[in-house]
Every structure is written in C-alpha cells, then in structure tokens.
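Accompanying notes for the structure given below.
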Amino acid sequence: MKDKQNPKKTIFGSRKVFEKLSKNHLNGSRKEELKTKWRESRQGNLYSRGDKSKQGNLNLRIERINNALYLRINTGNKQYIHAKIVRSVKREKDKWIELIYMLSQAHLTGEYFPYSVRLKLKNGKVYAFVSIEEKLPPITIRRESGIIGIDINAYPFHLALAIAGKDGNLDRYKSISLNELLDVGSEKREYLEWHIAHRIVEIAIKENKAISMEDLEKLPKGKRGDGLPKLRNRLQKWVYKRLLNKIEITARRIGIEVKKVNPAYTTLIGKLKYAPQYNIDKDIAGAYVIARRGLGFKEKLPENYKELLNDTEFLVYSIARIEDNITNIKQKIKDEKNQYRKNKLKSNLAKIKKDLTTLQIHLLYIQSGKSKSSPQQPVNLGKEGVSGLPLGKQKRWQVLSTALTFCCLEKSFRDFSPLKRIIVSGDWAAMVSRLAPLPGNGTAVEVQDFTAF
C-alpha cells in the first residue's frame, strides 16, 4: 500500500460491526456472534440483473416444480441448485401476488420480462429480494397546472412546501414536521416515511399540482469531532434521498408528474430574494425556488442587488465587518477549553475565511474594472475576473449573501425582512455612509441596530 493512504476508508462489510470487533474487551459468544454477522455482511451477498432474453434472469431464476416455487441458482458449468421459496401473503394487494401471476403468464405465452434478484445471508438463512420494473399509469397531473416545490431541512427538522401557480407566483405554502422520524426504529421510520409521502401526494391531488424536488446525490452528514454532535446524530439517523424517493414513487403511481431540478443555490436565492418579499422563512423560500425551477423559470438578480454588487464602499465595509468577526472568533478559540466547542469554532472560522476570500476577489475585480483605462480593462467580463473569479450568476448570489450577512443580518440569520427595503428602493447608501469602516482596521463606528433601516 502506498504511503499516505488510509486503509480505514475501505471496509468490505459493515463498518459498524468491524469497529466493534476491533475492540479488545470482546470475547466469548459475543465476539463469535459479531464475527458471524460481519462475515455474512462481507460475503453473504449475491446479485443477478434481470434479462428478458434469458427467461427473466439467467443466474437466479424463479421456476415452478411440482406445483411449488423454487429459485434456480447457477453455480457454473451448467450446474444448478434449486432452493425452495417460502413466502406467505398477508395482504390482499401484496406485490408478490402480482409477480407470481406475471410469471405464470410469461410461462404460458413465452413473453418474459426482466426481474433482478439479490440473495442476502442473514442469521444463517438466505433471503431473496426480487425487483421488477413497475408499470406506471400515464401522467394526468402535469406542471402546466402549477407545481409544489419540496425542500427538506435539518434545523428545524421539517419539510417545506411551496405551492406555485403555472405563472410562477406563490399561491400557498405549508410546513410538515419530521421530528417523528428521529426517535424510532428503522422499521417504524420506514412506515412513517411512506405515510408522509402519501400526505404529500394527497396535497398534490387536492391542489391539482405536479411536484418539484431537488436532484441530490448525497447529503453531507458531518464527521466526528466537528463540534456538532446533535446535528450529526440527526442526519445519520435519516436518509434525505430515501424520503424524496418515496414521494416520487408514490406520486408516479398516481399519475402525478415529478420534476427533479438542480439543487445549487436554491436556499441562497430563496432567502435573499423571496424571503424578504413574501415575509416567509428561508426554508419556504427555498422550496419556492425549487418550484419555480420545476416550472422552467430562471432567477435573476434584482436591479438594486446588481448595484449593490458594484458599490465598492459597501463591499469594503462588509469586508471590514467580516475581519472583525474573524478576530472575535480567533479570540474565542484561544479562550475555549472544550475541544469539541473549539472544533466547531474552527470549522466556522474556516468557512468565514473562505467567504472573505471570495468577497475580496470580487472587490478586486470591481476596482480593477473601474480604475483602469479601456485598453487596460479586463476583457470578456462575462467570463473570468481578476485572480480567476468566475462571475457566473450563481457566484454573484454567493458574493451577495456573504456581504449582506455580515452587515445587515448578523443579529438574526433567519429574519430577512431588512433586505426588503434594499430590494424595493435600494436604500442602502445611507447605511454605508453612516457606517463607513476604516479599511484594514475593522469598523470605525459601533452600530446599535443593523436590522433597522
């Protein structure tokens, strides 16, 4: 193994069980039990993808022998093992009934369909999981009649719904708590997630609206020692994408159109643009941006925000406020004795420094564009600025958020009403003139209320 490679990152099987086995105090039956569990997790898995041309599945095929169902397992060289399938039916609408009927019809007609099979060894028994492509009904509720944007948030732990008309305007909004998912076992959590998915679909049917959601790959869940144990514990108990998948499946089974959108900057745009305009919280505003993206709308910066991004005096003031904040955090880190709290402060400091760098590069770009004569001005202003700052639309939202957070919203990161006056009238010049900082030395005047305009 090459130097600097960490073997802890690669574990075949259950990491949780492996870490328990690594502890020296385990012995006897408990240790043997964990060893068996780890071996089953590591080696007791077999998957075969379905193939229509191979009677449904080549290697793991369901067959009927003497009026009983068997799973034919291919062991190689045309050798097979036949394992009897034991499966009871407890519900009238059990999917197993439909699968057996489809297999019987395929055997009679010769029109086979692909089905995938996964074998899993657990407690000495072999379980088979069969999956087929579901036949969905045609879409009857489309986004042409409007859409519901869905955004899921960790603090507070809830689901935000924004109902938008076909014109993109906000009609209504709703919030659904997800706290019931936290303190229950995995099976009950699974049941509650399906219940929540059905609630969302019922709302979509009642409103006659399609559904828009974020197309996420994964959600960061933090790491040990980051100083955020409560948030990390909450995120590790809950799979963001799993709940969205349940909502999507339930909606498609009813014939509701589901549109997945790019999740980038949805919360950022929502809190800066729509939270102050509609007097809604940032989570509902983020869901509203998701809804508008589902309808095909693109978000433009308000004109007064564009002017703000080009005001060097305001940018210099914002940078000075951030530098003051960095100084205060460094002092807190120095005084803090608790290592976990110190880690949280360090993490916050790293983020603020990154935001400061972004703002400084943007200011340098603005100053260079204004100070140089036309032959010296940067060309292709729409591409890259000084020091490689990409001036894309979304990057401008990030710069704007950093500047406004430390000069207008520092007292409350959930109240965005102070931004309404800036969006509507651009009345930020008076504030800049009152609160002019000394560049490099932080703010010259302490302000009593940054949220009052």
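The values are calculated or read from the model by the stated rules, or taken from the named source; none is laboratory data. What you see is a predicted model; the values in this text were computed from it and never measured. When we count neighbours, we look across all protein chains shown, and the Cβ atoms used for this are built from the backbone with ideal geometry, even at glycine.
Do we find that Thr405 is modelled with pLDDT under 85, of a type in the set (Ser, Thr, Tyr) and in a helix (DSSP H, G or I) in this structure?
Working: modelled with pLDDT under 85: yes; of a type in the set (Ser, Thr, Tyr): yes; in a helix (DSSP H, G or I): yes.
Here the answer is yes, as Thr405 does meet what is asked.
Across the stretch 295-323, what is the total count of residues that are crowded, with 24+ Cβ neighbours inside 10 Å and either closer than 17 Å to Thr267 by Cα or free of Cβ contacts under 8 Å to residues at least 60 places away in the same chain (or both)?
Count: 0.
Which count do you get for residues in the stretch 62-89 that are in a strand (DSSP E or B) and either touching a residue at least 12 places away in the same chain (Cβ under 8 Å) or outside the structural domain of Phe113 (by TED's automatic domain parsing) (or both)? Break it down into steps so the answer makes sense when it comes.
The first filter runs over the stretch 62-89 and keeps only residues in a strand (DSSP E or B), leaving 62-65, 68-76, 79-84.
Then drop every residue that is not either touching a residue at least 12 places away in the same chain (Cβ under 8 Å) or outside the structural domain of Phe113 (by TED's automatic domain parsing) (or both), which leaves 62-65, 68-74, 82-84.
So the answer is 14.
Which ones in the stretch 304-344 are in contact with a Lys or Arg (Cβ under 7 Å, 6 or more places away or on another chain) and over 26 Å from Pro418 (Cβ atoms)?
Initial filter on the stretch 304-344 (in contact with a Lys or Arg (Cβ under 7 Å, 6 or more places away or on another chain)): 309, 326, 333, 336.
Of everything in the stretch 304-344, those that are in contact with a Lys or Arg (Cβ under 7 Å, 6 or more places away or on another chain) and over 26 Å from Pro418 (Cβ atoms) turn out to be Ile333, Glu336.
Look at Phe129 and say whether it is touching a strand residue (DSSP E or B) at 6+ places or on another chain (Cβ under 7 Å), in contact (Cβ under 8 Å) with a residue 12 or more places away in the chain and not in a strand (DSSP E or B).
Numbers: touching a strand residue (DSSP E or B) at 6+ places or on another chain (Cβ under 7 Å): yes; in contact (Cβ under 8 Å) with a residue 12 or more places away in the chain: yes; not in a strand (DSSP E or B): no.
Here the answer is no, as Phe129 does not meet what is asked.
Only one residue in Ile152, Ile147 is modelled with pLDDT of 90 or more, within 32 Å of the chain's Cα centre (by Cα), assigned by TED's automatic domain parsing to the domain that holds Ile249 and among the hydrophobic types (A, V, I, L, M, F, W, C). Which one?
Ile147
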